Amino acid sequence: DPRGVYTCELENGKERSDLQVHYRMCQNCIEVDAPTISGIVVADVVATIFLAVAVYCITGQDKGRMSRGEGRALLAARGWGR
């Protein structure tokens, strides 16, 4: 790891200079800590549950409903509608 503080001294010891080095392995890297990962996972689970409930509610509304002509067409096909 090249990060750290480097010191340069002349041989006589009279002059001294410090250099602090910050180094990144890649240009687009970000550091992610445990609370950030936990937040992402919890948000993903909540969004998935919300989406599942929404899909269940939307698809559950169409059960048991028939259009007006659907029942009459069934009776007419059997000959009972006369």
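Collect the residues in the range 1-27 that are at pLDDT below 75 and open to solvent by 100 Å² or more (accessible area, probe 1.4 Å), keeping them in residue-number order.
Scanning the range 1-27 gives 1, 23, 24, 25, 27.
Write out, first by first residue and then by second, each pair whose Cβ atoms fall under 6 Å of each other, whose residues are 6+ apart or on separate chains, and whose first residue, in the range 5-19, is in contact (Cβ under 8 Å) with a residue 12 or more places away in the chain while the second is surrounded by 10 or more Cβ atoms within 10 Å (Cβ to Cβ) and not small (Gly, Ala, Ser).
Sorted first by the residue in the range 5-19, then by its partner, the pairs are 19/6.
The values are calculated or read from the model by the stated rules, or taken from the named source; none is laboratory data. Because the structure is predicted, anything quoted here is derived from the model rather than measured. Cβ sites come from the backbone with ideal geometry, for glycine too, and all protein chains shown count toward neighbours. The area values use the complete protein model at the heavy-atom level, side chains included, leaving out ligands, DNA and RNA. Shrake-Rupley method; radii C 1.70, N 1.55, O 1.52, S 1.80 Å.
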